[in-house]
1. Here is a check on your reading of the model: is residue B:24 within 7 Å of another protein chain (Cβ to nearest Cβ) and open to solvent by 10 Å² or more (accessible area, probe 1.4 Å)?
2. Out of all the residues in the range C:210-229, which are surrounded by fewer than 23 Cβ atoms within 10 Å (Cβ to Cβ) and either of a type in the set (Lys, Arg) or out of contact with any helix residue (DSSP H, G or I) (no Cβ under 6 Å at 6 or more places or on another chain) (or both)?
3. Are any of the residues in the range A:73-92 of a type in the set (Val, Ile, Thr), more than 20 Å from residue B:182 (Cα to Cα), open to solvent by less than 40 Å² (accessible area, probe 1.4 Å) and within 13 Å of chain C (Cβ to nearest Cβ)?
4. What are the pairs, 6+ residues apart or on separate chains, where a residue within the range C:435-464 that is over 18 Å from residue C:371 (Cα atoms) has its Cβ under 7 Å from a residue that is surrounded by fewer than 18 Cβ atoms within 10 Å (Cβ to Cβ) and of a type outside the set (Ser, Thr, Tyr)?
5. Suppose we keep only residues that are farther than 23 Å from residue B:173 by Cβ and in contact (Cβ under 8 Å) with a residue 60 or more places away in the chain within the range B:57-100. Which one would you say is surrounded by the fewest Cβ atoms within 10 Å (Cβ to Cβ)?
6. If you go through the range C:401-455 one residue at a time, how many are over 23 Å from the mean Cα position of the chain (by Cα), small (Gly, Ala, Ser) and open to solvent by 10 Å² or more (accessible area, probe 1.4 Å)?
7. Please report, ordered by residue number, the helices (runs of 4 or more DSSP H) entirely within the range B:45-137 with at least 1 residues that are at the interface with another protein chain (Cβ under 9 Å from one of its Cβ atoms), closer than 18 Å to residue B:187 by Cα and within 23 Å of the chain's Cα centre (by Cα).
Amino acid sequence: MKSENSSAHILSYGKLVATWLTLLALTALTVAITRLDLGSYKVWGALAIACLKSGLVIAIFMHMRYEGRLLRLLLFVALLTLSIFIGFTFFDVLYR
Amino acid sequence: MSQPHHKDYAGAKLGMWLFLFTELLLFGGMFILYAVYLARYPHEFAAGGKQLHWVMGTVNTVILLTSSLFVAMAVTALQRGEVRRTIGLISGTIICAAGFLVIKYFEWSAKIGHGIFPGSPHLKEGPPGESVFFSLYYMTTGIHGLHVVIGSILLAWIALKVKHGSVHSGDYVLLENGALYWHLVDLIWIFIFPLYYLVL
Amino acid sequence: MAATDNKQPDQRGGFWNDSGKAGIGSWIFSTDHKRIGLLYFYSTFGFFLVGVLLGLLLRIELMAPGRTIMGPQTYNALFTVHGVVMIFLFIIPGFQGSFGNLVMPIQIGARDVSFPRLNLFSWWIYMIGALVVLTALFTGGGPPDTGWTFYVPFSARTGTNVSLAVLGVFIIGFSSILTGINFVTTIHRLRAEGMGWYRLPLFTWSLYATAWIQILATPILAITLVLIIAERLLGTGLFDPGQGGDPVMFQHLFWIYSHPAVYIMILPAMGVISDIIPVFSRKPIFGYKMIVFSSIAIAAAGSLVWGHHMFTSGMSDTAVLVFSFLTFVVAIPSAIKVFNWVSTLYRGSISLEAPMLFALTFILLFSIGGLSGLILGAAATDIHVHDTHFVVGHFHYVMFGGTGFAFFAAMHYWLPKFYGRRYAEKPALVAWGLMFVGFNILYFTMQVLGMKGMPRRYYDYLPEFADLNLVATIGSWILAVGLLIMVINLFRGLWWGVPFEGNPWGGATLEWSVPTPPPTENFEQEPVVTHGPYDFKGTGIP
């Protein structure tokens, strides 16, 4: 049976390496940002960069950029679910 | 009567992503705890973070990012039919994984040598927030490390199949799914790193 | 097809014989969703009967104040194991595993699920986990005595075999996750031509919504169980105030899974009812799309309300407010279903056979349970009834009167199609009657006892509660007799009863269009679907 693999999108080595270099740069940025005296914003800053890094890994390395709408929607649902679990717990923890 | 069973490439990939969602939620449970206790013990978490070696953490982050690069390149290589390169790249990923685990081993043994482990007298005597920080650190990095081991074994098995020819340029979803799993392991660490090593 | 007087299972035809394999190996290593479905059915239903026995023993102890047949430690262990067995070994895996596996692939026009070997693996994991749980009962410090909710600090300190029991549940959790992944993929990928999303039977829709909860919620249970083990074996102290932990955080993590879990328990049951009511009313379901929407809404909104188990835990007032409000919101889609089922009945041509009788009873009992749920969901009234027998009555109404009765309905509705034989109608009706009476005597009395202040999970109680407790226990005996008659009648019929062929119920969903019993491949050729699942007129079925 001819499988559907053969028409799938192939990522060039160049693109992959470029992504990797960007990730390394962002890693350096993460370390740098936490050396600055930003108080509690350090956590949010580091988290924001972590989200950027993970976005790159998901989009390029994990191919999500080239997948259909369905998979992207489902990923969003999973992330939304986790956010709700964390967020609603804070309704308790923040207001005791 | 019955038609031959086709392989469902899109279905296999969908199934794998669904499995990755479960892993996301699994680690998510520990991140829920982290978030709550960070809000409660900001100073103790910072103090705990300072006791972790940020250089080792950074090196490990670079190692895992590189391992992700290698396995992503392995997929491209196999799609292009470059079998030897594929196996070489997967081996590179596994070597990175081994490096990661070696550094982890040194980190853990150093901490344990200093009396910092779950339920240790040192932690019991110290501020409660620090005990929580380190318990979470051990649980999270421990379960993450377990996934590194599982991922390595999975990729090694897939590499054997590539060598054997049962995973090839016409049917490589197994490698793709193995790579997806590996990227997830990398993703979790992308969050562990700043939250534990850089909350200074 | 099966001959009238043969008693050999291997002459039933269809998937029982056509693979050419025989013996137990052809079953426990089979990747046929129908065989796996029956494996799940017998194992989960078997554990249900074990759970019933444990429940009856509890009721005997509670028949009179003071010690009746057991001491307090045994009592604590008994209600814990009753809960663990019923919830983790029967209700959560039961519907998806048995009827989901048996029926869903055929309903969507597929040959099997997307990952048949994974399906078999799921059942094996379930059995291994169940074995570990059972081992925990008879080794180490003995069966856990914490309640199935394993609250800290007691679960971290008790000498009973919590770690092993919890490990067993962890393993079973994997089974649930893998089944969820399998079903979502199958329903997305393997629908036959013409089987659009809005032609899916509502049972399949309910399985889809349930599978999503299995995927997204179960991992939280997994990590929670691992953390209990870590608390016990490593002294992590994450829930121990003496080490900076917060015991309420355990409750959050536990209920973040366990509340959605109750929707895993009820959604497939509701799906069965949505399939049965139209068939026995000869009328399409009222408001098909609203029922679909309500199933997704229940799955989604059900993930937002876990704090309503924690109103008295020391949670913030803000959280109490938010969770109480959202609990009322999640009642709405359930109510929509009840209205739609009743509207389907209106001006329908109703035949009161066993599946329909159980289905109608579901509507009544689930509604009663739902109403008591509102009393629990309102924070103010919950303060009075939390941790009393009111709660016990509530969840038995929804889980037993609801899911349990729907499970019985499904047994009478579908099993004859897979066996090619059927049960006798009159004993089924007698059994139903006894169960209905016994059930309400047992559990309505509990609601009254709870209102009067009788706590749950207490070994003993005040003398003023004695009379009603005796009444409840008598109710449990009537219920048990009815159950026994139902089980004997059903299995005697399936094995040796009157032949059941074709489509006697007149269903319009695909499982009724295949031979009886269905062949291994389900369909000779992939079907092309041209009508909706309750389109009785369109199929020419009267």
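The values are calculated or read from the model by the stated rules, or taken from the named source; none is laboratory data. Computed from a predicted model, the values in this text were never measured in an experiment. In this analysis, Cβ positions are derived from the backbone assuming ideal geometry, glycine residues included, and neighbour counts consider all displayed protein chains. For the accessible areas, the whole protein counts, side chains as well, though only heavy atoms, and no ligand, DNA or RNA atoms are used. Shrake-Rupley method; radii C 1.70, N 1.55, O 1.52, S 1.80 Å.
1. yes
2. The one that is surrounded by fewer than 23 Cβ atoms within 10 Å (Cβ to Cβ) and either of a type in the set (Lys, Arg) or out of contact with any helix residue (DSSP H, G or I) (no Cβ under 6 Å at 6 or more places or on another chain) (or both): C:226.
3. Yes, that holds for at least one residue.
4. C:455/C:387; C:456/C:387; C:457/C:147; C:459/C:72; C:460/C:65; C:460/C:66; C:461/C:65; C:463/C:65
5. So, considering only residues that are farther than 23 Å from residue B:173 by Cβ and in contact (Cβ under 8 Å) with a residue 60 or more places away in the chain, the one surrounded by the fewest Cβ atoms within 10 Å (Cβ to Cβ) is B:58.
6. 2
7. By residue number, B:54-79.
Every residue, every condition in (1) at pLDDT below 95; (2) closer than 22 Å to residue C:376 by Cβ; (3) among the polar types (S, T, N, Q), yes or no:
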| position | (1), (2), (3) |
| --- | --- |
| C:250 | no, yes, no |
| C:261 | no, yes, no |
| C:292 | no, no, no |
| C:313 | no, yes, yes |
| C:317 | no, yes, no |
| C:321 | no, yes, no |
| C:343 | no, no, yes |
